1. Taking the Cβ-Cβ separation of S89 and T212 as r and a Förster radius of 45 Å, what is the calculated FRET efficiency to the nearest 0.05?
2. Using only the C-alpha atoms of the chain, find the volume of their convex hull and express it per residue in Å³.
3. Normalising by the residue count of the chain, find the relative contact order in percent from Cα pairs under 8 Å and 6+ residues apart.
4. Run through the DSSP bridge list for the chain and note the antiparallel percent, rounded to the nearest 5.
5. Rounded to a whole number, what % of the accessible area of the chain do carbon and sulfur atoms account for, probe 1.4 Å?
6. At a probe size of 1.4 Å, how large is the accessible area of D73, to the nearest 10 Å²?
7. If only Cα atoms are counted, what is the Rg of segment 67-107, and what is its Dmax, in Å?
8. How big is segment 80-215 along each principal axis, measuring the range of its Cα positions in Å and listing the largest first?
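The values are calculated or read from the model by the stated rules, or taken from the named source; none is laboratory data. Everything numeric here is computed off the predicted structure, so don't read it as measured data. Don't worry about glycine lacking a Cβ; one is built from the backbone with ideal geometry, like all the others, and counts go over all protein chains shown. Accessible surface is based on the protein model in full, side chains and every heavy atom, while ligands, DNA and RNA are left aside. Shrake-Rupley method; radii C 1.70, N 1.55, O 1.52, S 1.80 Å.
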Amino acid sequence: MNTGTAATRAAAAEAWTPVLRSAGADGRVLGGQILGVAHEIASNGLRGPLTDPGRDAEAKARLAGSLFGGKVDDRVVALLQALVRGRWSKPVDLVSALHDLGIEAVLVGSAADQSISSVEQEVFAVSKALDSDPELRQALEPSRTTRTEDRVRLARRLFAPHLSEAAMDLVTWCVRHEAEGGVPRNLRRVAELAAGLQNRTIADVVTAVPMTTDQEARLRELLGRRLGTEVELNTEVDPAVVGGVKVSVRDLVIDSTVRSSVAELRTALVG
């Protein structure tokens, strides 16, 4: 990342960290507001005016205050003002910084009142729902035929009755934010961040038949020793693997399935 953007983010984060820590469980609300501010800035053409390097830093801070003062918590306004006083290599970097700070605040606030595990599971449940329903997944993905807020309303109608406010704020961000991998990748990113705050790692496990409770416990223990954290298994049964197990953790892939062995043999014979 560019020095200007990196320096601005680092300075703002340093000032924000004690504020977020002292906020306790209120961090969840602050995080939701930060994500809302990021959306307003991105969707209303405010990135340019708030990051213009030719504009006086205090003038940008006053603009931020006039736009959001009284609409969100004063702590969120102060954070935004600290951000716009800095320099940015690209206007979009401001929005990206707000996204990261907002997600962090929701999760840290959830950790403060011991609800972060529930929030993680709720986000993960939405991810599973999309995995099992391709039509729903497509309906929530960016499209030329649907507006972002229509997709957000659909997500709220379907999931809000079953989710906490914190989890719904995060799911809303996942639907609004366009990124490679789409909504499923955003949901996974949030779940991994939540797991990380609990010193846990999510491991994807594919087997031909369901593992027993003892097998899952042994696998968690083995992976935990290797990774140095507690491990949460995201299991999937795929008869096509024939036998063995495939484990994916971050950039680590352990594949002992028959399908993998057959593919390697075929490659060796052809090559």
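1. Computed FRET efficiency for S89 and T212: 0.30.
2. 180
3. Once divided by the residue count of the chain, the mean separation gives 16 percent.
4. Around 45 percent of the beta bridges assigned by DSSP in the chain are antiparallel ones.
5. 52
6. Accessible surface of D73 is approximately 40 Å².
7. Cα-based Rg and Dmax for segment 67-107 come out at 10.7, 29 Å.
8. Cα spread of segment 80-215 along its principal axes, largest to smallest: 56, 39, 29 Å.
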